Amino acid sequence: MNGIIYYTKIRDEYDNKNMEHMIGEKLLEIGLKKEFEKKLAFEPRATGEHGKPFFTLLPKIHYNISHSGKYVMCLFAGEEVGIDIQIHKKVNYERILERMVPADMVREILESDDMEKAFFAQWVLREAYIKWTGEGLSRDLRTIPMDKGSYMMLEMEPGYSGAVWSKDRLELRFEYEEIILK
């Protein structure tokens, strides 16, 4: 199965202006046009029970958007998908891990050689999973079965983590787009 990730770096003039959602929609518009010859403005969308958006008239085109720090990504595939990216920032790792992973993993992550990397790997994996299934934060992150579906970590620049989750393993292609909002 193939997947395409359209991504961009947020331009300096958009920094700290809460424009990530608009930029994500622009990536969705560009990717839909380039990959499927469809115009976003003419494609109605709805949301699932927990808010996951989908195209009502294009059941074979699935997408998911994520943003963090200076990156925005939009993933397209022929099946349900979830993508998450996260900039690494200092947080109360132990407190968050207690709500994010099974109890036996908390110490393992806190004592790992690269605790920050292990922490954010779990963060993006679990977020990508609940975005894939459409459950959102209605799901207890500690109960995510790591053997259901297929996931992969994205290679990101230092200080970022990213993951994709889907039913089948995806062969990913990446397309960079410079986004200028008018």
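The values are calculated or read from the model by the stated rules, or taken from the named source; none is laboratory data. Remember, predicted model here, so these are calculated numbers, not experimental data. So basically every Cβ, Gly included, is an ideal-geometry build from the backbone, and we count neighbours across all protein chains shown. Keep in mind that these areas ignore ligands, DNA and RNA; they rest on the heavy atoms of the full protein, side chains included. Shrake-Rupley method; radii C 1.70, N 1.55, O 1.52, S 1.80 Å.
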* **Sole exception among (1) more than 19 Å from Ser150 (Cα to Cα); (2) in contact (Cβ under 8 Å) with a residue 60 or more places away in the chain; (3) touching a strand residue (DSSP E or B) at 6+ places or on another chain (Cβ under 8 Å) for Leu32, by number** => (2)
* Asked: Taking region 135-182 as the search range and keeping residues that are open to solvent by 80 Å² or more (accessible area, probe 1.4 Å) and acidic (Asp, Glu), which one is nearest to Val72 (Cα to Cα)?
  -> Glu178
* Among what's in region 11-51 and is at pLDDT 95 or above and part of a loop (DSSP other than H, G, I, E, B), pick the residue that is most open to solvent (accessible area, probe 1.4 Å). => Glu37
* Asked: Pairs under 6 Å by beta carbon, first residue modelled with pLDDT of 95 or more in region 109-127, partner of a type in the set (Phe, Trp, Tyr) and part of a helix (DSSP H, G or I), six or more apart or different chains?
  -> Ile109/Phe119; Phe119/Tyr93
* To do: Within region 106-128, count every residue that is over 13 Å from Met153 (Cα atoms) and of a type in the set (S, T, N, Q).
  => 1
